[in-house]
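Trainee: One structure is given below, represented as structure tokens, and several questions about it will come after.
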Amino acid sequence: MQIVSIEETPNHNTMKINLSEKREDNKSNTFTSAQEGQPDFINKLFDIDGVKSIFYVMDFISVDKEDNADWNNILPQIQSTFE
């Protein structure tokens, strides 16, 4: 799975990350921490300082950051997770 594009949203604490693969189960989930049984890439994203929650649906994720976190620090780490 790779990142196709990254989009800003009206909420300055949220970025939409478009992915190259679509969920096969057509479900949506909101994750607030790394836990067993979740997709590996979701758990790896929680290793990034400042990531607050992740919404995963269809072929994208929405990543919410903590108020004091900086996208300039977070986005390169998100991109590295998918390389």
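Where a number appears in this text, it was derived from the coordinates with a stated rule and is not lab data. As the structure is a computational prediction, the values presented were derived from the model and not from experiment. Using ideal geometry, Cβ is built from the backbone for each residue, glycine included, and neighbour counts are taken over all protein chains shown.
Trainee: Using a Förster radius of 25 Å, what is the FRET efficiency between GLU7 and GLU36 based on their Cβ-Cβ separation? Nearest 0.05, please.
Mentor: 0.25
Trainee: If you rank PHE55, PHE31 by fewest surrounding Cβ atoms within 10 Å, what's the result?
Mentor: PHE55, PHE31
Trainee: From the backbone phi of the range 20-25, what are the Karplus-calculated ³J(HN,Hα) couplings (6.51 cos²θ - 1.76 cosθ + 1.60, θ = phi - 60°) in whole Hz, Gly and Pro given as x?
Mentor: 3J(HN,Hα) across the range 20-25, in whole Hz: 7, 10, 9, 4, 7, 8.
Trainee: Also: List the residues, sorted by chain then number, that are 5 or more residues from ASP59 or on another chain and whose placed amide H is less than 5 Å from its amide H.
Mentor: Counting only residues 5 or more places away or on other chains, the set is ARG23.
Trainee: If you don't mind, another one. Mind pulling the angle between the C-alpha long axis of helix 71-81 and the longest principal axis of the chain? Nearest 10 degrees, somewhere in 0 to 90.
Mentor: For 71-81 against the chain, the angle is about 30 degrees.
Trainee: Counting other beta carbons within 10 Å of each residue's own, what order do LYS22, LYS44 fall into, fewest first?
Mentor: Lowest to highest Cβ neighbour count: LYS22, LYS44.
Trainee: Based on Cβ point charges of +1 for Lys and Arg and -1 for Asp and Glu, what charge dipole magnitude is obtained for the chain about its Cα centre, in debye rounded to the nearest 20?
Mentor: On the way: 7 positive and 15 negative charges, 37 e Å.
In total the dipole reaches around 180 debye.
Trainee: Percentage of Cα-Cα pair distances in the range 20-83 greater than 16 Å, rounded to whole percent?
Mentor: On the way: 895 of 2016 pairs.
Everything past 16 Å amounts to 44 percent.
Trainee: Explain nothing, just the number: relative contact order of the chain, from Cα pairs under 8 Å at least 6 residues apart, as a whole percent.
Mentor: 31
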